1. What nm distance separates the two modelled labels at R656 and E521, each placed 7 Å from Cα along Cα→Cβ?
2. Which links in K243/K353; K43/K92; K735/K899; K620/K974; K583/K679; K145/K257 stretch past 22 Å when you go from one Cα to the other?
3. What do the square roots of 5 times the Cα gyration tensor eigenvalues come to for the stretch 543-668, in whole Å, largest first, as semi-axes of the equivalent ellipsoid?
4. From the square roots a ≥ b ≥ c of the eigenvalues of the alpha-carbon gyration tensor of the stretch 924-983, which class results: rounded (a/c under 1.5), prolate (a/b over b/c), or oblate?
5. Go through the stretch 524-626 and name the trypsin sites (Lys or Arg not before Pro) that are in a DSSP coil and have 11 or fewer other Cβ atoms within 10 Å of their Cβ.
6. Order the peptides 469-477, 140-148 from the highest to the lowest mean number of other Cβ atoms within 10 Å of their residues.
7. Alpha carbon centre of the stretch 743-785 versus the stretch 541-603: separation in Å?
8. Rg (Å, one decimal) plus Dmax (Å, integer) for the alpha carbons of the stretch 435-477?
Amino acid sequence: MFISNCATVALQSRGPRYIPKTNAEKTVMKKTEQFLRVCIREKKPLSLSPQTRIRNIVVDSQKKHIDIYFNSDFSIIPLREENTKAAYSFLKKKLGKRFKNYSLTLFTLDRPIEDLVPNFYRTNLSNYDITRLPKTGKKAVSVIKNLSKPVHPENGLVNHNIALWNSHGWYYSLDTDRWEWQRCRLFQTVEDLLPTAFVLPYIIPMLENAGANVFVPRERDIQTNEVIIDNDSPEKMGTYQEKLIDPNTVWKTGETKGFSIGEPPYKTGINPFQTGSYRLTPSSNNGTSEIQWIPEIPETGDYGVTIAYYSDSMSVSDAIYTVYHSGGQTRFSVNQQIGGGTWIYLGTFHFQKGVNPEIGKVTLTNQSAEYGKIVTADAVRFGGGIGNIERFGSVSARPRFEEGARYYLQYAGMPDSLIFHFHHDSDDYVDDYQCRGEWVNYLNGAPCGPNKNQNVRGLGIPIDLSLAFHTDAGTTTSDTVVGTLSIYSIEDSDSSRVFPDGVSRLANRDFADILQTQIVEDIRMKYDAKWNRRQLWNRQYSESYRPNIPSALLELLSHQNFLDMRFASDPRFRFDVSRSIYKSMLKFISNRYGYPFVVQPLSVSHFQAVFGRAGEIILKWKPTTDPLEPTANAEKFVVYTRINDGGFDNGVLVDRPQFVLSNFQQNTVYSFKVTAVNKGGESFPSEILSVCQVNRDQTPVLIINGFDRISAPEKIVTSSFVGFANFLDQGVPDKYALDYTGAQIDFMPTSPWLTNDQPGWGASHADYETTIVPGNTFDFPFVHGQSLKAAGYSFISASDEAIAEGELDITKYKTVDLILGEEKETEWPKPLKDKQFKAFTKELQQEISRFCSAGGNLFLSGAYVGTDLFANRNSQDSSFAKNVLKLKLVTGHASANGKVFSVSSEFGLSPKSLAFNTGYDRMIYTCEAPDAIDPSTPEAKTIVRYQENSFSAGISYKGKYRVVAFGFPFETIKTFEERNQVMMGIMRFFEIK
């Protein structure tokens with residue numbers, strides 16, 4: 001095994017061999033060395049490293065006490081009350097009768113080993129080390145509260161603030177005179193982006209769903225458009241308006257500096273939060289004035305909304321902002337006493353293109369419960385944008401979320417001399433990793449401010465915890481991963497073992513241990529029983545020692561080792577590891593503040609959205625239990641609604657797994673998603689189901705969403721060719737992929753790393769690394785439903801699980817549209833358990849067979865409709881395909897260009913040819929391996945063929961029931977118009993007598 005760490009640090013010396021001075025010490029040394037050999041060889045009572053050494057032994061015959069000091073390698077394992085007690089008992093027994101009446105203390109890191117047991121794992125509160133707990137009187141205070149959110153997770157992370165960052169980023173190298181990654185491209189990603197694929201889609205939402213405010217030193221919005229509305233340039237990208245309800249209440253310009261767009265790109269020394277102004281007005285109990293920021297949105301989509309304001313001793317703690325978006329209005333209470341002078345994130349919302357004051361703006365009122373104070377206002381930003389920090393005459397020209405922290409922090413108003421300009425433009429690489437910890441300190445402020453001046457006021461945000469998320473380097477030829485390393489520091493740069501507020505830095509070890517334990521235990525339970533738990537390291541890494549609050553640095557796995565990357569590239573693994581990280585933070589913080597934690601539930605399943613007998617919309621679903629967390633049980637649910645192509649509303653809280661909507665409009669598409677909630681927070685949302693009533697007297701089409709798959713790319717593993725084979729299967733991102741750099745090009749395990757530009761095995765292209773790759777949106781019933789509505793048909797929808805388990809009687813409907821997308825049997829990263837995502841389970845086959853026997857019309861489409869039924873040579877699967885679906889597999893990978901043409905007048909396709917997506921499209925996932933399928937009986941016929949080879953792309957059957965089957969997903973047809981025409985032809989075929 002070869003391992004090298006993500007960051008650079010001097011290795012701690014293990015020191016010279018201890019030489020005893022007395023016979024008693026010699027005896028104790030001999031017995032202790034026997035103890036070490038047993039621990040190293042047999043891994044009990046402690047699983048110690050072979051590098052563990054005795055540093056010193058002190059035998060006090062008068063006090064009858066022995067102190068044994070070990071080097072730091074003794075400390076790299078998790079210590080618990082059970083194993084420390086067992087170690088003392090074992091060694092005492094080894095010492096024999098001569099020292100029977102002696103007491104004994106074992107030391108590592110110059111602390112008794114029992115001191116290294118985290119408070120969280122101690123069974124008795126009386127044994128807690130109170131020096132590592134927050135100082136008495138410290139209150140949890142949040143910056144942002146979402147007043148429109150219908151849940152308040154009191155046993156989650158409400159009022160707690162967490163700083164979190166996702167590794168490195170795109171930076172300017174003076175040595176190479178170019179912008180570049182800080183790590184090399186390996187296995188289709190790069191460390192600068194890989195942790196981002198955990199942090200942005202998973203960890204941050206989980207923490208926010210638990211009630212936390214999360215702060216990130218890199219841009220968190222992947223939207224590359226950016227609109228800023230500011231009082232200093234009120235008409236530049238939209239409209240800035242001040243409205244006075246009471247003419248005696250006016251907005252005035254503040255006496256100090258505020259934000260101004262100025263003239264980007266920003267050079268060294270330019271702080272945009274020091275080049276403009278802000279506005280202020282007295283607070284009022286009734287609300288006598290308002291500011292509106294109305295953007296001109298360049299493109300319909302999702303935009304993060306961030307605000308800026310000024311904090312003053314007279315600022316209110318409850319400034320009311322309202323975001324008007326296409327899903328409604330969302331209100332926030334902002335504590336303006338803290339957090340002023342930077343970008344503060346409110347949330348991500350859906351906005352329509354153009355200027356839309358009713359559904360596209362942000363407002364701030366001076367209404368407050370704190371009469372006589374002040375409300376301040378500065379810029380509002382929509383979207384993440386493109387990097388605009390100039391380095392030696394050039395800008396990155398990259399999405400801002402890809403850039404390193406050093407550049408975002410300049411844009412976000414951080415003071416350069418305290419935070420990111422330590423090397424005076426000579427080394428952005430070092431400034432980047434050093435700035436992250438100092439940024440945390442500036443957020444916090446005195447007495448735990450930046451290390452250059454810990455008494456700086458900063459932003460006054462009481463940060464509870466910080467985490468630096470990295471992946472590591474290193475390879476192994478065994479069947480085990482390199483695994484998970486957790487790093488902390490119990491000393492700062494001045495060797496102090498307490499934070500500036502007096503709290504013990506052993507809190508760092510507590511968190512690092514809880515973090516590593518949670519991750520490793522969960523992975524071993526769900527993915528790999530042999531997942532490697534690496535060291536629990538006390539090291540002077542910048543990101544572990546600079547923060548003046550509890551912190552840790554996580555090296556989750558090795559981005560250089562292919563087995564590790566098989567896990568890291570799988571969206572299922574990303575979700576589960578992210579959940580482990582969230583749980584570790586929850587457990588650490590709840591333990592420090594003395595309240596019982598509750599873990600937020602998992603997403604609901606078995607979802608259905610149908611019409612009731614009285615014409616109402618009825619939603620039903622089932623909660624999901626979490627076998628790893630007994631507290632993660634659903635107590636209530638939130639139903640979110642979207643109308644047509646707008647955004648989702650703020651949700652409605654319901655007590656049971658059912659919801660009825662009685663008042664709705666005909667010819668309007670209603671879409672729904674559901675979350676489960678408990679006292680710990682809110683789950684991730686369910687799949688999205690849609691319904692539309694075109695004609696009340698018409699039996700609706702039942703859309704079944706059978707596309708649940710998310711996966712890593714296909715892999716090939718031989719002795720000389722190892723890697724990801726996108727040419728076979730690119731995998732399916734969970735909604736989107738933001739870390740894909742390009743296809744792997746070096747598959748030889750013997751290829752050595754030479755430089756970041758010549759990284760050897762795993763080297764990958766860079767042509768996609770500024771691209772967001774679409775995946776499974778879990779929203780395809782809406783796409784299919786739009787075309788059904790255009791054809792004049794009502795529709796409802798349900799998950800395939802609800803159908804397969806008989807939750808909904810499929811035979812009540814005349815027509816079924818079965819969405820299969822890229823569903824197919826898929827292995828886990830390490831194939832130790834049953835495959836997942838089989839397109840046609842035994843139960844679903846039975847329900848589809850029953851529907852067809854009843855004379856129904858079945859439309860199904862997907863890339864693997866044939867492959868998944870024939871590849872495993874299962875007679876039941878192939879019989880179902882031939883005898884029920886009336887198809888047989890010809891070949892997979894049947895088309896490269898995605899062009900098909902009609903060969904059936906009965907099908908009535910107009911136009912005669914169309915195209916589905918086999919390459920990159922911003923909005924549609926890639927169908928890289930469509931099936932060619934032939935009719936399996938004389939009564940069935942080919943209706944469409946692939947243009948490049950005339951292979952059969954789709955078949956129809958007309959007998960006692962009717963079938964239309966496509967070997968490519970309907971939703972990947974490139975244009976809305978073509979999808980509508982195809983659906984019209986299918987429905988016309990079903991109606992022909």
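The values are calculated or read from the model by the stated rules, or taken from the named source; none is laboratory data. Model, not experiment: these values are computed from the prediction. Quick reminder, even Gly has a Cβ in these numbers, built from the backbone with ideal geometry, and neighbours come from all protein chains shown. Heavy atoms of the whole protein, side chains included, go into the accessibility calculation; ligands, DNA and RNA do not. Shrake-Rupley method; radii C 1.70, N 1.55, O 1.52, S 1.80 Å.
1. So the label points at R656 and E521 sit 3.6 nm apart.
2. Listed pairs above 22 Å: K243/K353; K735/K899; K620/K974; K145/K257.
3. 39, 20, 15
4. Here the stretch 924-983 falls in the oblate category.
5. Hits after loop and neighbour filter: R613.
6. Per-residue mean Cβ counts within 10 Å order the peptides as 469-477, 140-148.
7. 24
8. Cα radius of gyration and Dmax of the stretch 435-477 are 14.8, 51 Å respectively.
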